[in-house]
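Undergrad: Sending over a structure as C-alpha cells; questions will come in a sec.
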Amino acid sequence: MREYLLTLCITAAVTYLLTGPVRKFAIVAGAMPEIRARDVHREPTPRLGGIAMFFGLCAGLLVADHLTNLSEVFENSNEPRALLSGAALIWLIGVLDDKFEIDALIKLGGQMIAAGVMVMQGLTILWLPIPGVGSVSLTQWQGTLLTVALVVITINAVNFADGLDGLAAGMVCIASAAFFMYGYRIWYGYGLESAAPATLFSAILMGMCLGFLPHNMHPARIFMGDSGSMLIGLVLAAGAISITGQVDPDAMNLFAGSEKEAVHQTVPVYIPLLLPLTIIAVPAADLVLAIVRRTWRGQSPFAADRGHLHHRLLDIGHSHSRAVLIMYFWSALVAFGALAYSVNSGAMWIVLGIMALSAVGLVLLLLPRFTPRAPRWAEHFVPPRYRRRRAAEVLAEASAEVAYAEGDGTHDGTPVGAADGVGDGAEDVDGEREEHRTPVVAGVSGVNGATAVGPRSRLLDGRKAGTSR
C-alpha cells in the first residue's frame, strides 16, 4: 500500500507542477479558442491540459517500475507497456484536436487504433464470467472486438462528461478510487497477481486527476481538452479490461463448489467491472441519451448540442459549482454502492443505504424547483432566501422597480445590467456569480470539453444598459 500511495503522490505532484508551464505553452501555441455564444467562461481559456496529465502518467509508471513490489508487475506482465503505447497514441490525437480541431470520425478511428495497439500487446479480454455458466473463453476476434468496443465507449463517455470545470476529472477520480479499492482487495486479499496491473492503473489515474483538479476547478485556469479527457478514459477502460478479462474467478475460491457456483457467487463483483459503464454510469447515461436525442432529430451523433445532463442542471437553476457537486454525488453513489454490494451482496443495509442516499440526491437535484418557506417563528434561524416576504416589502420593491425603469437607468448607483443579473453575472442563492443563460440551437459543431456548457448572453443583454455598442 505504501508503494501505491507513493506512486499516486508522485503522479499527482508531477501533473500539478507541469500544468502551470503547460498553460503558458498552450497560450503561446494558440490552443486557446475564442469565447463563443454557448460558452460560460468569461475569458479565453487555454486547453492542452492533457499534456501535463500524460507526463504524470509516465512519471507514475517510471516510479512504479523502480519500486520493490510494484516492479514485479512490469516483470510478469506486458500490460503497463501496452497501456503506455495506447495512451501515447490517444494523447497525440487529442493534442492535435485541441490545436487544430480534427474531424470527429478521425478521432473515432484513432481511438479504435489505440485500443488495437493495446490488444496487440496483450491487454485484452480473454474470458468472461457468465452467471450460471462459468468462465467463457473468447476467441481472439471476440476478445479484440469486445476490448475495442469497451475502450471506445469509455473514452467517449468521459469526453462527453467534460462539460463543466472540474467535472470529468472529479468523476473519473471517484470512479478510479472505487476501482482501486476493489483491485487492491482482489490482489492483496486473494493473492491474485493478475489483478496487480489494474490496481496500479487506478492509483496512477487517481494521481493524474488529483494533480490536475486544482487548476481545473471553477473558475478553471486551463481545460484538459480532448488530450486529457480521452487519455483518462482510456486508462480507466484499460484497468477494467485488465481485471475483468485476466482474473479467473474460480481462483478466488469464494465458493468451495463448482466453477459455475463460484462465478455465481462473484457476480456482484464482476458485473460492475465487466461493464465500465456501471462504474461511470452517469457519463455513460449521458452518452446514450445524447446519441438517442441527436439521431431522433435526424442529426449526427457527433453533432454538439446543449442537452447534456450538466446543461440540464444549469437550466434547472443550479449554479456551476453546485451542478458539479451533484454530478460528483451521483458518481460516488453508483461507484461506491457497487463496491459495497460486491463485498457483501447479502447485507440489506447496503441496499437501504443506497436507496436513502438516492432520495437525498433527488431532493438536492430538484431543490431549485421549490422555494421552501420557514414559519414566522423560525425566520431568524434560516437564511434570508427562506423567509416570507411581507406585503410592504413587495410593494416597496415594485415601486422601486417602476422608478428605476422610468429614471435614468440607475438605482442607488447600480447599472441596469447589474440589477437584473445580466451585466457582470447575477448573484445566485449561494453567493456565486452566474450568467443568465438562453438555450442555443442544437447541432452546433465544434464543442470541445469544458468550453461548451452554455451561451454567453452577457454581451447581448448589455445593450439594454444603454451602452454605445
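The values are calculated or read from the model by the stated rules, or taken from the named source; none is laboratory data. Computed from a predicted structure; not experimentally measured. Using ideal geometry, Cβ is built from the backbone for each residue, glycine included, and neighbour counts are taken over all protein chains shown. Just the protein is used for accessible areas: all its heavy atoms, side chains included, with ligands, DNA and RNA removed. Shrake-Rupley method; radii C 1.70, N 1.55, O 1.52, S 1.80 Å.
Undergrad: If T199 meets every condition in (1) within 29 Å of L309 (Cβ to Cβ); (2) among the polar types (S, T, N, Q); (3) at pLDDT 90 or above apart from one, which number is that one?
TA: (1)
Undergrad: Tell me, please, whether a residue that is at pLDDT 70 or above, under 30 Å from L164 (Cβ atoms) and open to solvent by 60 Å² or more (accessible area, probe 1.4 Å) can be found in region 373-389.
TA: No, the conditions are met nowhere in region 373-389.
Undergrad: Scan region 39-59 for residues that are farther than 21 Å from I27 by Cα and not aliphatic (A, V, I, L, M) and report the count.
TA: 1
Undergrad: Among the residues of region 60-91, what is the count of those that are within 30 Å of V28 (Cβ to Cβ), open to solvent by 30 Å² or more (accessible area, probe 1.4 Å) and touching a residue at least 60 places away in the same chain (Cβ under 8 Å)?
TA: 1
Undergrad: Kindly indicate whether I174 is of a type in the set (A, V, I, L, M) and open to solvent by 20 Å² or more (accessible area, probe 1.4 Å).
TA: yes
Undergrad: Do we have any residue at all in region 257-267 that's at pLDDT below 65, under 23 Å from A175 (Cβ atoms) and β-branched (V, I, T)?
TA: yes
Undergrad: Inside region 1-16, can you point out the residues that are closer than 16 Å to M224 by Cβ and surrounded by fewer than 18 Cβ atoms within 10 Å (Cβ to Cβ)? Steps first, answer last, please.
TA: Quick first cut of region 1-16, residues closer than 16 Å to M224 by Cβ only: 11-12, 14-16.
None; the set is empty.
Undergrad: Could you list all residues from region 178-198 that are open to solvent by 20 Å² or more (accessible area, probe 1.4 Å) and hydrophobic (A, V, I, L, M, F, W, C)?
TA: F180, M181, W187, L192
Undergrad: Take S176 and decide whether it is in contact (Cβ under 8 Å) with a residue 60 or more places away in the chain and in contact with a strand residue (DSSP E or B) (Cβ under 7 Å, 6 or more places away or on another chain).
TA: No.
Undergrad: Next up: Taking region 134-171 on its own, how many of its residues are at pLDDT below 90 and either hydroxyl-bearing (S, T, Y) or open to solvent by less than 20 Å² (accessible area, probe 1.4 Å) (or both)?
TA: 18
Undergrad: Under the condition of being among the hydroxyl-bearing types (S, T, Y) and open to solvent by 50 Å² or more (accessible area, probe 1.4 Å), which residue from region 328-366 is nearest to A177 (Cα to Cα)?
TA: Within region 328-366, the match that is nearest to A177 (Cα to Cα) is Y341.
Undergrad: Let me ask you something else. Are there any helices (runs of 4 or more DSSP H) wholly within region 1-95 with 2 or more residues that are at pLDDT below 95 and polar (S, T, N, Q), and if so which?
TA: In region 1-95, 71-76 are the helices (runs of 4 or more DSSP H) which contain 2 or more residues that are at pLDDT below 95 and polar (S, T, N, Q).
Undergrad: F201 fails exactly one of the following numbered conditions: (1) under 30 Å from P33 (Cα atoms); (2) open to solvent by less than 10 Å² (accessible area, probe 1.4 Å). What is the number of that condition?
TA: Unmet condition: (1).
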